[in-house]
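Just so it is clear, none of the values below were taken in a lab; they were calculated from the coordinates. None of the values given here were measured: they were computed from a predicted structure. Here the Cβ positions follow ideal geometry from the backbone for every residue, glycine too, while neighbour counts run over all protein chains shown.
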Amino acid sequence: MSPTQQQMVASTPGFSPGGKDQVKLRRALQTTVIGSYPFPGWLEFAAAHQEQFGEADIEEMRTDAVIAAVHDQVAAGLDVITDGEQTRYDFNLSFYGRLEGLNPKPASPRRFGPPAHDQRGKYEVTGTLRSRHGLGTVAEFKLLQKIAPTGPVLKASVPGPYTLSGRINPSGIYNSRWDVTEALIPIVREELQQLVECGCREITLDEPSMSCYAHREDPRRFVKIFAETVRSIAGRCRLSAHLCFGNYKGRAVGLRRYAPLFPEFFELPVDEVHLEMASREFAEIEVIRKIAERGIDVAVGIIDVKSYYIETPGDVAERVRLCLKHVPAERLSFAPDCGLSQTARWAARQKLANMVSGVSIVRRELGLS
């Protein structure tokens, strides 16, 4: 650790050298993403007209889409990249097609009018939930390994069981959403284990529903669910939790406050917690200090994916400096608030490039480049 880095750690209230607060020696002010990236226009067209294409055609287009997503992230200069979730549909809908015990056609209570979460149909339970062939993320990651150049860290993002349960109507053998969640825990756990075994060293468990409903549910129960889901990979990879407030069609779904999650969420068994900050004008920014004081790294959502204002490198640099008032560089990463799938590709590309440029400004100021 350089003298500059040591000084930043020492000057941050609540930190002491050694012990549980010993910082991890990784790149300071790391730039990363959550998971999703916008589909190229031709893949959107193919998804809407699948009857015109053969299986091989679709597979070729999906692979090309991953190549495009990787290209844009590498061109932006990100430290950590994903496959952009180009082989999925809408963050997690493709996962339901891999689950047995569900009616394959979700029912939508409302199809017209302003876009909102009630337009996303729910699946009906027809039997015991199981997945004999996994959820598909292992194949996604293996494709990313083939396509990605040497340099960036490769990350996989997997929706957590509580978030997945939100699209399933409890019925039959499942009396509540909690019952559905419990049934999904071993399925997601096995998927995480398979990812680690195929060489994935950075995983995000994506649980926006936990942040959205913590104000009316017991947050301790969420912590228990999370811990049960990740126990097979604890210590075997760098694990982060993504806690946002939803982004369907660029709209949130939950009460946009982190206060209901804490202090219980300090007990999450993770290396890093990602928080949505940019769209909320950095409200509750003080929580990042409290998280870091518990020995957990913080990935700050510094780019607003719900807005078409393109943050300048100067905007980003100013936001990074704000975060450094609370947390030392070694514990900070920066990312968009959420996945970028609901943002047009031209905007997503420029937002990522400016994010990296803005973080680089501060890295140079601190002598970290």
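Among rounded, prolate and oblate, which fits the stretch 272-369 when a ≥ b ≥ c are the square roots of the eigenvalues of its C-alpha gyration tensor, a/c under 1.5 means rounded, and a/b larger than b/c means prolate? Working shown, then result.
Numbers: a/c = 2.03, a/b = 1.33, b/c = 1.53.
In terms of gyration-tensor shape, oblate.
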Sequence-distant or interchain residues sharing an amide H contact under 5 Å with SER36, placed H: which? GLY339, LEU340, SER341
If N is the residue count of the chain, its Cα Rg over 2.2 N^0.38 Å rounds to 0.96
Cα pair distances in the stretch 274-327, grouped into 5 Å bins until the bin that holds the longest one, percent each: 4, 20, 31, 24, 12, 6, 2
Semi-axes, largest first, in whole Å: what does sqrt of 5 times each Cα gyration tensor eigenvalue give for the stretch 52-131? 29, 18, 14
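Let me spell out the model: positive unit charges on the Cβ of Lys and Arg, negative unit charges on the Cβ of Asp and Glu, origin at the Cα centre of the chain. What dipole size does that give, in debye rounded to 20?
It works out to roughly 540 debye.
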Tail beyond 24 Å, pair distance distribution of the stretch 206-361 (Cα, percent): 32
Tilt relative to the chain, helix 137-147 - C-alpha long axis, 0 to 90 degrees, to 10: 60
Return a single number: how many Lys pairs in the stretch 89-231, at a sequence separation of 8 or more or on separate chains, have alpha-carbon atoms below 25 angstrom apart. 4
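Which value, to two decimals, describes the C-alpha radius of gyration of the stretch 134-231 once divided by 2.2 N^0.38 Å?
Here the Cα radius of gyration is 1.19 times the empirical estimate.
Using packing as a proxy for protection, rank 112-121, 162-171 so that the peptide with the highest average count of other Cβ atoms within 10 Å comes first.
162-171, 112-121
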